[in-house]
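Read the structure below first, then the notes.
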Amino acid sequence: MTNRLTTELRRLSFENHDHCVSCGHSFREGDTSHLGYGYDDSPLYVCDGCINKLKETAVRHYFSPRPYDVPEQSSKLWRYMDFTKYVSLLSSRGLYFTRTDCFEDIFEGAKGLKKNKAKWDSHYLEFFRSAIKNPPEGYKCELSDSEVDEQAQRLLSDLEAGGEAHKRRTFVSCWHESEHESEAMWRLYSSFLANAVAVRTSYQSLYVSLGRDPSIDIGRIKYIDLKKNYAGVNDAFWRKRKSFEHEREVRALLLDFECQDLGKIVPCALEVLIEEVFLSPKAPPWFVRLVNDVNEKYGVTVKVSPSELVEEPFF
């Protein structure tokens with residue numbers, strides 16, 4: 001294997017994660033997926049049955065399903081914000097990704113409830129003991145039982161420390177998935193301010209606006225009952241408590257091991273990202289002119305619409 005992973009190859013495997021690009025075979029957990037280049041030097045992401053199409057194998061992986069579901073390309077996504085954040089989006093020409101230890105929700109990245117931690121620890125201690133006692137073929141475990149226990153406890157401590165550190169390396173941008181404007185989201189994320197806006201995009205527009213970057217995952221949050229379930233080691237930032245289910249969150253997530261700031265701005269193509277801007281239901285008549293003026297100042301051509309919530313009924 002050459003480990004030659006071009007952006008084009010990484011993007012191909014990212015966009016076709018679940019199936020072989022040659023024959024369409026759907027990967028199952030534990031299958032081997034092969035990344036490399038064909039005889040015409042084009043990137044390929046193939047299954048065992050199509051490995052003969054590779055001239056060069058860059059890397060192989062044991063296939064594992066994503067910890068999130070990918071929305072349909074046309075799924076509508078909304079981000080509700082006050083006007084200053086909207087101006088920041090335009091002036092920086094980038095999306096702000098918040099470091100996950102800065103969220104109000106203290107369960108961000110959590111594996112479970114503290115009262116259930118003993119069961120979690122017991123499971124992983126037994127897992128680590130078994131792994132230490134049963135090394136790969138050709139190796140032999142020569143540790144005593146007490147030494148095995150000591151090593152297992154160390155691995156458990158490393159796992160816990162890694163979970164805390166991971167919160168400081170994970171950055172997300174949160175969106176609300178819905179075909180329609182949400183009165184609840186206006187209340188929650190703009191406090192029904194008069195000078196607030198909602199940016200509407202779609203999954204595909206969000207993905208393309210970020211440069212189809214394979215290092216940025218975009219997917220739906222899964223809401224679980226932590227009284228009965230745990231979030232897996234690789235799932236934690238894609239799980240939230242059932243009490244947040246109303247958010248219908250889709251998040252863009254990236255890892256950055258160097259950034260020490262509380263958030264980071266990721267460049268994006270605003271003309272692709274912003275499909276339409278909606279004004280707060282409390283917005284005064286002059287606010288539409290202000291938003292249009294700011295859009296013009298920053299070279300953004302986009303439709304600005306009043307909130308659908310201000311429509312009048314008849315009886």
Residues of the range 39-68 satisfying the condition of being loosely packed, with under 13 Cβ neighbours inside 10 Å and touching a residue at least 24 places away in the same chain (Cβ under 8 Å): Gly49, Tyr62, Pro65
Which listed residue is touching a residue at least 40 places away in the same chain (Cβ under 8 Å) and either more than 23 Å from the chain's Cα centre (by Cα) or surrounded by fewer than 19 Cβ atoms within 10 Å (Cβ to Cβ) (or both), from Tyr298, Tyr223: Tyr298
Residues satisfying the stated conditions in the range 13-32, i.e. closer than 23 Å to Pro71 by Cα and either under 22 Å from the mean Cα position of the chain (by Cα) or surrounded by fewer than 13 Cβ atoms within 10 Å (Cβ to Cβ) (or both): Ser13, Phe14, Glu15, Asn16, His17, Asp18, His19, Gly24, Ser26, Phe27, Arg28, Glu29
Positions within the range 113-145 being under 30 Å from Asn229 (Cα atoms) and basic (Lys, Arg), in sequence order: Lys114, Lys115, Lys117, Lys119, Arg129, Lys133
Residue selected from the range 260-293 under the condition crowded, with 16+ Cβ neighbours inside 10 Å and β-branched (Val, Ile, Thr), by the criterion nearest to Phe103 (Cα to Cα): Val266
Any hit, the range 267-277, residues being in contact with a Phe, Trp or Tyr (Cβ under 7 Å, 6 or more places away or on another chain) and either at pLDDT 95 or above or outside any loop (DSSP other than H, G, I, E, B) (or both): no
Single match in Ser173, Ser146, Ser190 (criterion: polar (S, T, N, Q) and closer than 25 Å to Ile216 by Cα): Ser173
Conditions (1) among the aromatic types (Phe, Trp, Tyr); (2) surrounded by 11 or more Cβ atoms within 10 Å (Cβ to Cβ); (3) over 30 Å from Asp256 (Cβ atoms): number failed by Tyr139: (2)
Filtered residue count, the range 273-293, keeping only those that are touching a helix residue (DSSP H, G or I) at 6+ places or on another chain (Cβ under 7 Å) and within 12 Å of Val199 (Cα to Cα): 5
Of all residues in the range 190-215 being touching a Phe, Trp or Tyr at 6+ places or on another chain (Cβ under 8 Å) and crowded, with 20+ Cβ neighbours inside 10 Å, the one that is modelled with the lowest pLDDT: Ser190
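The values are calculated or read from the model by the stated rules, or taken from the named source; none is laboratory data. If you're wondering where the values come from, they're calculated on a predicted model, not measured in any experiment. Positions of Cβ are backbone-derived with ideal geometry, glycine not excepted, and every protein chain shown enters the neighbour counts.
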